[in-house]
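What follows is a short report on a single structure.
The values are calculated or read from the model by the stated rules, or taken from the named source; none is laboratory data. What you are looking at is a predicted structure, and each value in this text was computed from that prediction instead of being measured. Cβ atoms come from the backbone with ideal geometry, glycine included; neighbour counts cover every protein chain shown. Accessible surface is based on the protein model in full, side chains and every heavy atom, while ligands, DNA and RNA are left aside. Shrake-Rupley method; radii C 1.70, N 1.55, O 1.52, S 1.80 Å.
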Amino acid sequence: MTDVVTFEKLPSEMLLAGKGFRLKDSDPDATPGFPGGKSDGEALLAHLDGRLTTLQETLFAESRFGGTKRILLILQAMDTAGKGGIVNHVMGTMNPQGVQLKSFKSPTPEEKSYDFLWRIEKAVPAAGMVGVFDRSHYEDVLIHRVHRWASPEELERRYAAINEFEARQTGAGTKIVKVMLNISRDEQKERLLARLDDPTKLWKYSSNDVKERAFWDDYMDAYQKAIEKTHTDAAPWHVVPANKKWYARIAVQQLLLDALEGLHLKWPVPELDVALERDLVERS
């Protein structure tokens, strides 16, 4: 059996959108830090599935004995960038009892009657859970900025509210992993055409995606501003090149592994007399 190709440098360090980050300098077609190709990436994804599953189970087990730790993965991207594939291929190996997935659609009339974070607060993961936001509160500073549905003053208020919200979640034991899947405009076009050519993917197609392509540069500016305003020590942004789906999947998998390992999880030890319990079981 050949050795599995691994990252030469951790994505948590390499893909960090730190000080001076410029989205336009990030190549969506790149595979930073990974020396292998598609088959190597797929092998690595499968190789690390077991480790990810074990850590998730340990997180869940800790919470049954008073642990407050949890993970929140926030996925933001232009349409067709592969959020669904991340959920299926990376999160799919986890025990569904320990995963809390929320896909935010357009707000309902009731949700619009409250502040934009009202519906977000209700969806944060419970202790011991790995929560996933497929889109999130960032829609309220991205599309609202692009289409000028919110004033500059309101957008500034929302950036500040997001930072406060995420700091509060971190203080409560949540490790936040924020990911922007960075796809190119040309790659998105190819994926939209592929959906039209494939009967099994036609249901994913929306003509609204084509309309929004006219605002591509505005969206990139909105992402740049959101990253600048909400990249914090408590909840940093990672920008993952997403033209190659296999790379985006292994990068996000590694980001989750790093986050879980950083929690220093331990299997809980119940207060019970194992010998006595064994005797009771054998006698039953």
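Sparse packing (at most 16 other Cβ atoms within 10 Å of the Cβ) combined with a DSSP loop state is found for the following trypsin sites (Lys or Arg not before Pro) in the stretch 188-284: Lys201, Lys266. Of the solvent-accessible surface of the chain, computed with a 1.4 Å probe over protein heavy atoms with every protein chain present, carbon and sulfur atoms account for 51 percent. Starting from the amide H of Arg135, placed 1.01 Å from N in the peptide plane, find each other amide H under 5 Å away whose residue is 5 or more places distant or on another chain. For Arg135, the qualifying residues are Leu75.
Phi angles across the stretch 4-14 convert, under the Karplus curve 6.51 cos²θ - 1.76 cosθ + 1.60 with θ = phi - 60°, into 3J(HN,Hα) values of 7, 6, 10, 5, 7, 8, 5, x, 4, 9, 6 Hz, Gly and Pro given as x.
With the helix formula -39500 (n - 2.57) applied to DSSP H stretches of n ≥ 4, the chain reaches a computed 222 nm mean residue ellipticity of -14500 deg cm²/dmol. All C-alpha to C-alpha distances of the stretch 169-255, sorted into 10 Å bins beginning at zero, yield P(r) values of 14, 35, 34, 14, 2 percent in whole numbers. A simple spin-label model places the labels of Met14 and Leu196 3.6 nm from each other, with each point 7 Å out along Cα-to-Cβ. So which trypsin sites (Lys or Arg not before Pro) in the stretch 104-152 are both in a DSSP loop and have at most 14 other Cβ atoms within 10 Å of their Cβ? Passing sites in the stretch 104-152 are Lys105, Lys122, Arg148. Inter-label distance, Val269 to Gln224: 5.5 nm, where each label sits 7 Å from its Cα along the C-beta direction. Here, P(r) means the percent of Cα pairs in each 5 Å bin from 0 to the largest distance; for the chain it is 1, 5, 11, 15, 17, 16, 14, 9, 5, 3, 2, 1, 1, 0, 0.
With N as its number of residues, the stretch 1-134 has a Cα radius of gyration that, divided by 2.2 N^0.38 Å, comes to 1.25. Accessible surface computed residue by residue for the chain, with neighbouring protein chains in place and a 1.4 Å probe, gives 52 Å² per residue. Available extension along the chain between Phe215 and Asp115 is 33.4 nm, counting 0.36 nm per residue and deducting the alpha carbon span.
The string of couplings for the stretch 48-54 from the Karplus curve (6.51, -1.76, 1.60, θ = phi - 60°) is 8, 4, x, 5, 5, 5, 5 Hz, one whole number per residue in order, with x for Gly and Pro.
The Cα trace of the stretch 108-166 gives Rg and Dmax of 12.4, 39 Å, the first to one decimal, the second as a whole number. Here the simple spin-label model places points 7 Å from the Cα toward Cβ, and for Glu156 and Asp3 these points are separated by 5.4 nm. The calculated pair-distance distribution of the stretch 130-279 uses every alpha carbon pair, bins of 10 angstrom beginning at 0, and gives 9, 29, 30, 18, 7, 5, 3, 0 percent.
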